[in-house]
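The structure appears below as structure tokens.
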Amino acid sequence: MQTFDNANAGAIVLSLADRIIENRAYLSEIDGKIGDGDHGVNMAKGFGLAAERLKDKQVTLAEALDTLGTVLMTEIGGSMGPLYGVMFTEFAEKLDGTAAIDAAAYSRMLHAGLEGIQSIGSAKVGDKTLLDTLVPAIEAFDGAVASGKSFADALDSLIPAAEAGRDSTRDLVAKIGRASRLGERSLGVLDAGATSCAIILKELSLGVRSRLA
């Protein structure tokens, strides 16, 4: 059975931060079409602050995710800070104390993050939010595991499902948040949260996959 060590896997969060910072302008550009235009700036700020606190530290993935979640919840503006903050702190809580993380533990982590987001918001799949990325990604991962695929193969199934979910938001009308005021005019544009969520899930999965043994 494939697992990876929680210990010293905190570096995955540094890679996450690099990827979000790299996409700062792109995320803000998308957000500017139907939102405030500050999604990339706020995300890059939060992930950057977390990375500074984690730099040169040997921490578990759970500890690194908790640091990131706390920073996002308390130190960045916008609507996404609390949503991603609770997602990452729930991820951390589920992994805390687990030395060797297997596919079942990873699934529990993903579900805890989803439940955390749902506990503070009313969005559902089809509302043009990050849930349009997160939910199909989790379903693809769980489906792969249930069909007998390895942890690595399940991660490989998650990434395209997340990206397909992101792409689906182009054809959706926003039902939640600032973009919902635009109604039909929100059609034809990707949702910024769904886009950043796809980046996060891909980078997280690649980081985990490279550590599997």
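The numbers here are math on the coordinates, done by the rules we state, and not lab data. All of these numbers come straight from a predicted model, not from anything done at the bench. Please note: Cβ atoms are built from the backbone with ideal geometry, for glycine as well, and neighbour counts cover all protein chains shown.
Taking the Cβ of Val41 as the center, what net charge do the other residues with Cβ under 10 Å away carry, scoring Lys and Arg +1 and Asp and Glu -1? Intermediate values should be presented prior to the final figure.
Working: positive: Arg24, Lys45; negative: Asp31, Asp36, Asp38.
With Lys, Arg at +1 and Asp, Glu at -1, the net is -1.
Counting each DSSP H run of 4 or more residues in the chain as -39500 (n - 2.57), what helix-only mean residue ellipticity at 222 nm follows after dividing by all residues, to the nearest 500 deg cm²/dmol?
Working: 9 runs with 140 residues, N = 213.
Result for the chain: -21500 deg cm²/dmol, rounded to the nearest 500.
Please give the FRET efficiency for Glu29 paired with Asp5, using the beta carbon to beta carbon distance and R0 = 35 Å, rounded to the nearest 0.05. Let's see the in-between values first.
Details: r = 38 Å, r/R0 = 1.08.
The value I calculate is 0.40.
Report, to the nearest 10°, how far helix 151-168 tilts away from the longest principal axis of the Cα atoms in the chain, using its own Cα long axis and a range of 0 to 90°.
The two axes meet at around 0 degrees.
From the Cα gyration tensor of the chain, with a ≥ b ≥ c the square roots of its eigenvalues, which class applies: rounded if a/c is under 1.5, or else prolate if a/b is larger than b/c, or else oblate?
Details: a/c = 1.95, a/b = 1.34, b/c = 1.45.
Cα axes put the chain in the oblate bin.
Pop the C-beta distance of Lys149 and Glu22 into the FRET formula with R0 = 25 Å and round what comes out to the nearest 0.05. Before the final figure, lay out each step's value.
Working: r = 30 Å, r/R0 = 1.21.
The computed FRET efficiency comes out at 0.25.
Pop the C-beta distance of Gln118 and Leu187 into the FRET formula with R0 = 30 Å and round what comes out to the nearest 0.05.
Working: r = 25 Å, r/R0 = 0.83.
FRET efficiency, Gln118 to Leu187: 0.75.
Using the alpha-carbon atoms, what tilt in degrees (0 to 90, nearest 10) does helix 39-54 show relative to the longest principal axis of the chain?
Roughly 20 degrees between the two axes.
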